[in-house]
Every structure is written in C-alpha cells, then in structure tokens.
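Inspection log for the structure reproduced underneath, given as structure tokens.
Since every read-out is calculated from the coordinates, none of them should be taken as a lab result. Given the structure is predicted, the values throughout are model-derived calculations rather than measurements. Cβ coordinates were reconstructed from backbone atoms using ideal geometry, including for glycine residues, and neighbour counts include every protein chain displayed.
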Amino acid sequence: MSTYTAGYLYRKLSYDAARAFAPIINLSVNPFILVSASTLPVKNVAELIALARRRPNELTYSTVGMGSGAHLATEMFNAAAGIKTVAVAYKGSAPAVIALASGEVVFAINNILDTRTFVNQGKMRALAVTGTKRSPAVPNVPTLIESGIQLEANLWTGLFAPAATPKAIVNKLNEDVARIVDTPQMKEWLLNSLGGEFTPNTPEQFGAFLTSDAAHWQKIIRQIGLQLD
C-alpha cells in the first residue's frame, strides 16, 4: 500500500504509481484495530470519543511513523469522530505498541496481530476494528461502523506488473496467483501471519479498488497538510 500512496506524501518522487504499474491482484486486506491503554477509563469507542472531547489536544496516540497507514487511519478516526488528539511517532510497531502497553500514550490504531497479545494480557483494551466487517482474527471486537463511526481504513498487499505488461499476461498472473492464494492453507497463513483476508478479484476490480482507496488516503493527507521529504 505504501508504494502506491507515496506520491501523495512525498514532495519529490520519481514515479506515479497509477501510471507506472498495472494492477494484477489484491492479495490481502488487513483492517487495523483501535486499542486503548488499560489505564484509560474507557471501555468502548463512544467513551473514548467523549473523553477526547472533554480533553481536546490532551489524549496521545502512538504511531509507527508519520505518514504510515496507522498514523493516517488515526487521523481519519479523529476527523470522523470530531476530536483532536496528539500523535507521538515511534520507530516501528514494536516501540509504538510497548509505549501504549506501558501507558506512555493512551490509545492507538495499529496492526491487529501486533496488539493481540497485550489485549489478551489485559494491558490494552480492544475497542474496534477498522474494516467493514468484523475480523476473524478478533471476532468479538466490533467495527467502527458498528460503534457509530462511519469509517473504513485497511492496509492491503497487492501484486503489480510494469504498466506496459500485455493484458493477457496480467490476466494469466491473476488466475495463477488466485489459485494459490485461494486455498485454506494460504488463507489461514494470511490471517495468522498478517491479520488479513483474501477475496478473489480481477485486475479490473483491483484497479477500481485502488482508485477509491487512493482517494480515501489522499483526502486525509491533504486535510492534515502532511508532506514528507
């Protein structure tokens, strides 16, 4: 995903992803999870939003880096909920998650699998996932949409070819890869290793997804005025 959205984030980039690549197949869609520190006095999304509204620009959230999917998804949440919180950037998911577990920050949106152990240990509370439906990785956790926030934000992993690749080759790659990934063993691996799911899709469907998804991320990048070197 980051390769495709980089053009909206970086001032100087040597390629335009929409023109440089031919979409082949979307291999995995991974929702994020919204979690809070166990010390924060909230038990659901509504209570987190209410607390943030009472204490604007006070609640801190960890990110795995400015401009990362998790950072942008949290800013989408802030905008959808009408709250103002403070980002604290860490160098990767591990320190970002540890900061939340220790109470150094009070909430975060992060990868489901990176937070699941801490949730199971009671060091974090799982409040919502960011997909359109519940994730089988954490089936008891509601979606943000169920919680009253109309927001969807997912990481995804896709396969691309150079833009000039003949259509017949793109279609053949799509068929061959889909046949491998659309198996119980691969689906189990995707869920347990990435927290993601695969749904068969054509190159055209993947292309349509990219158009709508890119606009989704571009909107929040422009809204918060983020530009990276």
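Anyone know which of Ala137, Ala89, Ala20 comes out most mobile in the 10 Å Cα GNM of the chain? Evaluated over the chain, the most mobile residue of the options is Ala20. Using only side-chain charges placed at the Cβ, +1 for Lys and Arg and -1 for Asp and Glu, the dipole size of the chain relative to its Cα centre rounds to 440 debye. Beyond 26 Å, what percent of the Cα pairs of the stretch 67-182 remain? Percent of Cα pairs beyond 26 Å in the stretch 67-182: 34. Rounded to the nearest 10 degrees, what's the angle between the helix 45-54 long axis and the longest principal axis of the chain, both from Cα atoms, 0 to 90? Helix 45-54 and the main axis of the chain meet at about 60 degrees. Count Lys and Arg as plus one, Asp and Glu as minus one, and take only other residues whose Cβ is under 14 Å from that of Ser68; the net charge is then -1.
Within the shell of other residues whose beta carbon sits under 13 angstrom from the beta carbon of Val97, the net charge comes to +1, with Lys and Arg scored +1 and Asp and Glu -1.
The aspartates and glutamates whose alpha-carbon is closer than 15 Å to the alpha-carbon of Lys133, local same-chain residues fewer than 8 away aside, are Glu146, Glu152, Glu197.
Note on the chain: with a GNM built from Cα contacts shorter than 10 Å, the maximum mean-square fluctuation among Ser28, Ser212, Ser36 falls on Ser212.
Rg of the Cα atoms in the chain, relative to 2.2 N^0.38 Å, amounts to 1.05. Taking Cβ atoms as reference points and 15 Å as the exclusive limit, the residues near Leu194 contribute a net charge of -1, counting Lys and Arg as +1 and Asp and Glu as -1.
Distant-in-sequence amide contacts of Gly158, defined by a placed amide H-H separation under 5 Å and a gap of 5 or more residues or a different chain, comprise Leu27.
Cross-link reach is defined here as a Cα-Cα straight distance under 14 Å, omitting same-chain residues fewer than 8 places apart; for Lys84 the aspartates and glutamates meeting it are Glu58, Glu75.
Over the stretch 108-149, what is the relative contact order in whole percent, taking alpha-carbon pairs under 8 Å and six or more residues apart?
It rounds to 30 percent for the stretch 108-149.
Cross-link partners of Lys91 among lysines, defined as those whose alpha carbon lies under 22 angstrom from its own and excluding same-chain residues fewer than eight positions apart: Lys123.
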